[in-house]
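Undergrad: Pasting a structure here, questions to come.
The values are calculated or read from the model by the stated rules, or taken from the named source; none is laboratory data. Note that the structure is a prediction, hence the values are computed from the model and not measured. So basically every Cβ, Gly included, is an ideal-geometry build from the backbone, and we count neighbours across all protein chains shown. For the accessible areas, the whole protein counts, side chains as well, though only heavy atoms, and no ligand, DNA or RNA atoms are used. Shrake-Rupley method; radii C 1.70, N 1.55, O 1.52, S 1.80 Å.
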Amino acid sequence: MKFHFYKILLGFLFLSFIGCHKNEKKETSPNNTTQNEIEYASGLAIYKQKGYSIVKVIHPWPNASKAFTYILKEKGSSIPDSLQKYTSISVPLHSIVVTSTTNIPFLEMIGAEDKLIGFPHTDYISSLKTRKLIANGSVKNIGQNEKLNMEQLIDLAPELIVTFGIDNNNPMMENLQKSGLNVLIQGDWMEQSPLGKAEWLKLYGALFGKEKEAKTLFNKIVKNYKNAQQLVASKKMESTVLYGSMYQDQWYVAKGNSWVAQFLKDAKANYLWSNVEGTGSLGLSFEKILDKAKTANYWIATGSFKNMAELNNSNPHYNQFDAFKNKKIYTFESKLGPTGGTIFYESSPSRPDLVLKDYIKIFHPELLPNYNFTFAQRLN
């Protein structure tokens, strides 16, 4: 029951409270000497210097009162006096603790998964490669995000802990730092651009001395994403789309500037709430949803439903939608890892090219006749 609650919370955070920011093209390094290596992510900046890199996490959480600056220092190099006030991290790292499943693919993509030594609630992790490391004891379960096991972390002594915050109140982060542990706040979950989320891969390239590998991998993702966009370039947005499902007494739809809405736009689908300003989600009554989306051609349902019967059992009023009657309902959350983690939550931020191809396969299947879904599944 507790694990189910955390899965609901993860799904809600996937859509909620996220502020929208323009890409910080004018962001400069503290010493104004180099160009930002980041192109798509609005909340991250990396400036490569001789012997060290300056990393800025610009939007760590909604309405953050400050940005965070970190210095990634290579062995034998020196840091200017003007940068001594910032947290210094020796790179390349040999051990790390991360606290979000979205970090796991980044580690694996650059071949650094063996440097992971701790993770909160390891059942969330779906990747078979990292699950083997958990099984052999290389990755320890360090409690829960809101209550990490401090004694265990001190004993593990990771060179870096990567965590996240949802507001300006972060007592856990402060306690970690007081214990002498290096902490880096990551804000990839704040990104609304699909490619912006994926570009946080470059942070891990910088942390493990694999900048070139990370850049090559990311450039391939960008190319694949843009090639997918070209597939539908001449298509009209004819298919109307309903998104979400009931949670308690509210139906949460993705707002028009959100990560989800961007995928639907790029897949050339007519998302019915695309004109709602803002990011994150909007809670509406069932009646308002039915009034607007009763005749929608497709329904992208949230939740780990396996089939139409499960969906109908969760709310018998769902059968009033045409998409339900015509069995054109898809979900991205039904595929689970061996211990119950949602594969989409873990892997989709790092592979937006595959998410977009899934959406194109749903709305324009004739364009990808030989492609099999990576995340999506049609409810039977």
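Undergrad: If you average the C-alpha positions of segment 77-104 and of segment 334-380 separately, how far apart do those two centres end up, in angstrom?
TA: Using only Cα atoms, the two centres lie 33 Å from each other.
Undergrad: Counting other C-beta atoms within 10 Å, and keeping those with at most 16, which DSSP coil GluC sites (Glu not before Pro) do you find in segment 37-134? Provide the component values of the computation, followed by the final result.
TA: On the way: sites: GLU37, GLU39, GLU74, GLU108, GLU113; in loops: GLU37, GLU39.
Here the GluC sites (Glu not before Pro) that fit, given the DSSP loop and packing criteria, are GLU39.
Undergrad: Let me ask something else. Which entries of LYS288/LYS325; LYS292/LYS361; LYS56/LYS268; LYS223/LYS288; LYS236/LYS357; LYS147/LYS210 show an alpha-carbon separation above 28 angstrom in the structure shown?
TA: Numbers: LYS288/LYS325 19 Å; LYS292/LYS361 25 Å; LYS56/LYS268 34 Å; LYS223/LYS288 39 Å; LYS236/LYS357 17 Å; LYS147/LYS210 32 Å.
Beyond 28 Å: LYS56/LYS268; LYS223/LYS288; LYS147/LYS210.
Undergrad: A further question follows. Over all distinct alpha-carbon pairs, what is the Kirkwood Rh of the chain in angstrom? Intermediate results must be reported in sequence, preceding the final value.
TA: Numbers: mean 1/r = 0.0459 Å⁻¹.
This gives a value of 21.8 Å.
Undergrad: I would also like to ask the following. Could you order ARG378, ARG131 so the one with the most accessible surface comes first? Probe is 1.4 Å.
TA: Details: ARG378 95, ARG131 40 Å².
Of ARG378, ARG131, the descending order of accessible area is ARG378, ARG131.
Undergrad: Each residue of segment 280-292 in turn: what ³J(HN,Hα) in whole Hz from Karplus with 6.51, -1.76, 1.60 and θ = phi - 60°, glycine and Pro shown as x?
TA: My calculation for segment 280-292 gives x, 10, 10, x, 10, 6, 4, 4, 5, 5, 4, 4, 8 Hz in order.
Undergrad: Over the Cα atoms of segment 150-263, each weighted equally, I'd like the Debye log10 I(q)/I(0) at q = 0.10, 0.12 Å⁻¹, rounded to two decimals.
TA: Relative scattering, expressed as log10 I(q)/I(0), comes to -0.53, -0.71.
Undergrad: What nm distance separates the two modelled labels at LYS292 and LEU128, each placed 7 Å from Cα along Cα→Cβ?
TA: About 4.1 nm separates the two model spin labels.
Undergrad: Then there is this: When the accessible area of segment 132-240 is computed with all protein chains present and a 1.4 Å probe, what percentage of it is carbon and sulfur?
TA: On the way: 2620 of 5420 Å².
Carbon and sulfur together cover 48 percent of it.
Undergrad: For ASN149, put the label point 7 Å out on the Cα→Cβ axis and report which residues of segment 106-129 keep their amide N under 13 Å from it.
TA: 118-123
Undergrad: Can you give the charge dipole size of segment 171-249 about its Cα centre, rounded to the nearest 20 debye, using +1 on the beta carbon of Lys and Arg and -1 on the beta carbon of Asp and Glu? Write out the running numbers ahead of the final one.
TA: Details: 11 positive and 8 negative charges, 105 e Å.
Here the size comes out at about 500 debye.
Undergrad: Using DSSP, restrict attention to beta bridges with both residues in segment 69-147 and report what percent are antiparallel, rounded to the nearest 5.
TA: Values: 1 of 10 bridges.
The antiparallel fraction comes to roughly 10 percent.
Undergrad: So what are the ³J(HN,Hα) numbers for segment 201-211, from phi and the Karplus equation (6.51, -1.76, 1.60; θ = phi - 60°), rounded to whole Hz, Gly and Pro as x?
TA: 3, 5, 4, 5, x, 5, 5, 10, x, 10, 4
Undergrad: Could you run the Karplus curve 6.51 cos²θ - 1.76 cosθ + 1.60 with θ = phi - 60° over segment 106-120 and give me ³J(HN,Hα) per residue in whole Hz, x for Gly and Pro?
TA: 4, 4, 5, 4, 9, x, 10, 5, 6, 8, 6, 10, x, 7, x
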